[in-house]
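Student: Just dropping this structure here.
The values are calculated or read from the model by the stated rules, or taken from the named source; none is laboratory data. Please read these numbers as outputs of a predicted model, since none were measured by experiment. For neighbour counting, all protein chains shown are included, and Cβ atoms are generated from backbone atoms with ideal geometry for every residue, glycine included. Accessible surface areas use protein heavy atoms only, side chains included; no ligands, DNA or RNA. Shrake-Rupley method; radii C 1.70, N 1.55, O 1.52, S 1.80 Å.
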Amino acid sequence: MRCDFDKVVDRRNTNSLKWDVADGELPMWVADMDFKAAPEIAKAIKDKVDLGVLGYQIVPDAWYDAIVGWWETRHGYTINKERLCFCTGVIPAISSIVKRITNHGDNIVLQTPVYDIFFHSVENAGRHVLENTLAYNDGEYSVDFDDLEKKLKDPLTTMMILCNPHNPIGKIWTKSELEKIGDLCARYGVTVLSDEIHCDLTSQGCDYTPFAAASSTCADISITCVAASKAFNIAGLQSAAVYASNAALHNKVVRGLNSDEVAEPNAFAVETTVAAFTECGYWIDELRSYIAENRETAYSYLRDNVPSVRAVRQNATYLLWIDCSSVTDDAAKLCDFIRKETGLYITAGGQYRGNGKTFVRINAACPKSVLLDGLKRFERGVKLYAASIKKESEV
């Protein structure tokens, strides 16, 4: 392998959101990998710094060509270059698009449990969340299509935000599932806003289908947000892309992004994205293998050492989604206890709504030695928590 993902990088005292924690604590919460970016990306930054002038930037053809080429080669989908636009991030794009495409008081469907910032983008804009809670049976999630249709046919529902692949459950939606979602949304005049930021973080042999590639209907009614940020661990560089094959939707998106002043790149956003999508295919391939190994390591460890919890089997993202319903009815209390007793900082699933209240999310995108440290702390924390609950019940 060309990449050393086993190397531990000391990120303390670097103004890191993730690592701004007390001594002895181990943060495995926010979706931020602990791996160095690919050397080609670092070189792109260094070259710009060496130039010494960091003024206003444009978005050149190379940026468009890099994204179009990556999606053609990697995902078998041709993005119309004329329907592609720059944004400073996926969440700024989602927040802007919600305000531009929907009206105050409209309903927006979210499939819960789902990334919690979606709720902020909807509710802060004066829109209402309608939850299409995902069905959960025997450790597997699926779409409740009957409930989805009920939510979509509400006359005040104008948008559905899709997470493809889905965070936090780590599921890749199939082409047929996406087609069915698209057909229902088209039937009821609902625009689909698809967040596909995790699309390159799939297990080998488990490639995803872009929503817009599922059918001509899906393409016509959708807006898609993509980025190099999550897969290549460059979220701090604030760069994303938005595409809509429908010209009317594209024009509304462009106007919204410009009105909200989130359509201009910083000094490093363009060159790093180009480097990622044109030079770093080998890096993402090795990363996918490493994360898959970490995921299997975690599954085995939890099965053998913490049988009271159940990890949901995943084929996308680097975020473990663990069912703790046999241990607690409130994962927030469990997470607080674990952090206090072991120093392990993980995410309580209740903030993702749906059935997340009894789940925890753990970031496994770290060197194996760090992952094992986290798993051991988790084991100790769960066992201490169970013992404390038992003791309380006996009093």
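Student: Residues in segment 362-384 that are closer than 15 Å to Asn294 by Cβ and either open to solvent by less than 10 Å² (accessible area, probe 1.4 Å) or part of a loop (DSSP other than H, G, I, E, B) (or both): how many?
Tutor: 10
Student: Checking the condition at pLDDT 95 or above, part of a helix (DSSP H, G or I) and more than 23 Å from the chain's Cα centre (by Cα), which residue from Leu334, Leu287 passes?
Tutor: Leu334
Student: Still on this structure: Within segment 216-237, how many residues are open to solvent by 10 Å² or more (accessible area, probe 1.4 Å), out of contact with any helix residue (DSSP H, G or I) (no Cβ under 6 Å at 6 or more places or on another chain), in contact (Cβ under 8 Å) with a residue 40 or more places away in the chain and not basic (Lys, Arg)?
Tutor: Matching residues across segment 216-237 total 2.
Student: Okay, next question. Could you tell me whether any residue of segment 183-191 is farther than 23 Å from His250 by Cβ, of a type in the set (Asp, Glu) and open to solvent by 30 Å² or more (accessible area, probe 1.4 Å)?
Tutor: no
Listed here are the residues, each with its yes/no results for (1) in contact (Cβ under 8 Å) with a residue 24 or more places away in the chain; (2) within 16 Å of Gly205 (Cα to Cα).
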| site | (1), (2) |
| --- | --- |
| Leu287 | yes, yes |
| Glu296 | no, yes |
| Asp304 | no, no |
| Ser308 | yes, no |
| Arg313 | yes, yes |
| Trp321 | yes, no |
| Cys324 | yes, no |
| Asp330 | yes, no |
| Ile338 | yes, no |
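Student: Which numbered condition in (1) in contact (Cβ under 8 Å) with a residue 40 or more places away in the chain; (2) open to solvent by 10 Å² or more (accessible area, probe 1.4 Å); (3) part of a helix (DSSP H, G or I); (4) out of contact with any helix residue (DSSP H, G or I) (no Cβ under 8 Å at 6 or more places or on another chain) is the only one that Glu264 fails?
Tutor: Condition (3) is where Glu264 drops out.
Student: Going by the structure shown, is Ala387 open to solvent by 20 Å² or more (accessible area, probe 1.4 Å), in contact with a helix residue (DSSP H, G or I) (Cβ under 8 Å, 6 or more places away or on another chain) and without any contact (Cβ under 8 Å) to a residue 60 or more places away in the chain?
Tutor: Taking the combined requirement at face value, the residue does not satisfy it.
Student: Restricting attention to segment 128-155, which residues are crowded, with 21+ Cβ neighbours inside 10 Å and more than 22 Å from the chain's Cα centre (by Cα)?
Tutor: Lys151, Leu152
Student: Filter segment 156-168 down to the residues that are surrounded by 17 or more Cβ atoms within 10 Å (Cβ to Cβ) and among the aliphatic types (A, V, I, L, M), then identify the one that is nearest to Ala93 (Cα to Cα).
Tutor: Going through the qualifying residues, I end up with Ile161.
Student: Looking only at segment 185-224, how many residues end up being closer than 18 Å to Tyr141 by Cβ and not in a loop (DSSP other than H, G, I, E, B)?
Tutor: 4
Student: Among residues belonging to segment 299-354 that are on the phi > 0 side of the Ramachandran plot and in contact with a Leu (Cβ under 7 Å, 6 or more places away or on another chain), point out the one that is surrounded by the fewest Cβ atoms within 10 Å (Cβ to Cβ).
Tutor: Applying the filter and picking the extreme gives Gly343.
Student: How many residues does segment 91-118 contain that are of a type in the set (A, V, I, L, M, F, W, C) and within 23 Å of Gly356 (Cα to Cα)?
Tutor: Total meeting the criteria: 8.
Student: Anything in segment 225-256 that is in a loop (DSSP other than H, G, I, E, B) and not charged (D, E, K, R)? List them, or say none.
Tutor: Result: Ala227, Ala228, Ser229, Ala231, Phe232, Asn233, Ile234, Gln238, Ser239, Ala244, Ser245, Asn246.
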